[in-house]
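Notes follow once the structure below has been shown.
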Amino acid sequence: MDRYDVVAIGELLIDFTQNGYSSQGNPVFEANPGGAPCNVLAMLQRLGRKTAFIGKVGGDGFGRQLESALKETGIATEGLCFDDRIPTTLAVVQKTADGDRDFSFYRKPGADMMLRAQEIRDELIRGARIFHFGSLSLTDEPVRSATQRAVQIAEEAGVWISFDPNLRKPLWESDHLAKEQIAYGLRHCHILKISDDELLWLTGEQDYDSAVEQLRAEFSIPLILLSMGKDGSRAYCGGETAQMPPFLNEGTVETTGAGDTFMGCVLHQILNKGYQGLSRRELEELLRFANAAASIITTRRGALRVMPDEAEIMQCILGR
């Protein structure tokens, strides 16, 4: 079997994002392919990487739409399973008054939760350079056990592991369970991408540097990327720390997928440079490239099918 650069496990779903109003004044929603792990893979594909996805969708029209979207972007689908009983998971994304996003999930249950450990294609993970996962596949059984099995396979094969909590509070029974399962991800990753809101929620520490040191002391994570929205991003690797400002864009229409775009660009560069012993300059280059790509994706609706290519990202950087 061909070796993959990055293999990811997790949710693949339909993001209903608002796209204007009808003649009657009702909001009109567009059915965009989504799900954080596949957004990350889509960005990697645009940068010329070879990727594969492991997950489950419903055997319905939305599930087939998602399968087609993966094939269109080049993401390998041999790890994609279908459930003929449980429908594809749906998410409705709306803007709040302060410009943030509000998520409503139709997932009680959704097909992405139904992936079983025995459905994992071990060879996909063993043949990867990086294995990526998030916390949405840890919220419930049986997908929690499937994810843990996948992590075990990656560890046994010496595959680098990256983790993005991508916290969605409405999907968890309690904060306690969410913190418990996210701690599992922190214990098993080499590369962590975490947002400022997630870091505060997890540690209770207002100072970002102190909060990151708290995570490093407890979990010994070699490389931590902190996304801070309009304040840019930071990276922590060994004794080096770097911070880069954002590329603020007047054409922003929504921020869905920006963090995933950022993560895809980070993993692309880690495939070249590794995740240990990075200099401050290397960390700054990594953040600059990822910040620029994330800025571009905020000007487009959806994410999975509209990721920027390297030329667009470099144009954004050079045009600053």
Hey, any hits in segment 169-183 for a residue that's within 18 Å of the chain's Cα centre (by Cα), basic (Lys, Arg) and outside any helix (DSSP H, G or I)? no
Might you check whether a residue that is without any contact (Cβ under 8 Å) to a residue 24 or more places away in the chain and within 26 Å of Leu225 (Cα to Cα) occurs anywhere in segment 107-126? no
Listed residues Phe82, Phe16, Phe53; which is closer than 22 Å to Asp140 by Cα, surrounded by fewer than 23 Cβ atoms within 10 Å (Cβ to Cβ) and either of a type in the set (Val, Ile, Thr) or in contact (Cβ under 8 Å) with a residue 24 or more places away in the chain (or both)? Phe82
Filter result for the condition that a residue is buried (at least 16 other Cβ atoms within 10 Å of the Cβ), modelled with pLDDT under 95 and in a helix (DSSP H, G or I), over Gly264, Gly259, Gly302: Gly259
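For residues in segment 95-116 being assigned to a loop (DSSP other than H, G, I, E, B) and either charged (D, E, K, R) or touching a His at 6+ places or on another chain (Cβ under 6 Å) (or both), which is modelled with the highest pLDDT?
Step by step, filter segment 95-116, then rank; the result is Arg116.
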For segment 160-209, give me each residue that is touching a residue at least 40 places away in the same chain (Cβ under 8 Å), of a type in the set (A, V, I, L, M, F, W, C) and in contact with a strand residue (DSSP E or B) (Cβ under 8 Å, 6 or more places away or on another chain). Trp160, Leu171, Ile191
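For segment 1-94, please list each of the strands (runs of 3 or more DSSP E) lying entirely inside it that holds at least 2 residues being at pLDDT below 95 and under 19 Å from Thr298 (Cα atoms).
13-21, 27-34
Can you pull out every residue in segment 268-293 that is of a type in the set (A, V, I, L, M) and touching a helix residue (DSSP H, G or I) at 6+ places or on another chain (Cβ under 6 Å)?
Selection gives Leu286, Ala290, Ala292, Ala293.
The values are calculated or read from the model by the stated rules, or taken from the named source; none is laboratory data. None of the values given here were measured: they were computed from a predicted structure. All Cβ positions, even for glycine, are placed from backbone atoms using ideal geometry, and neighbour counts span all protein chains on display.
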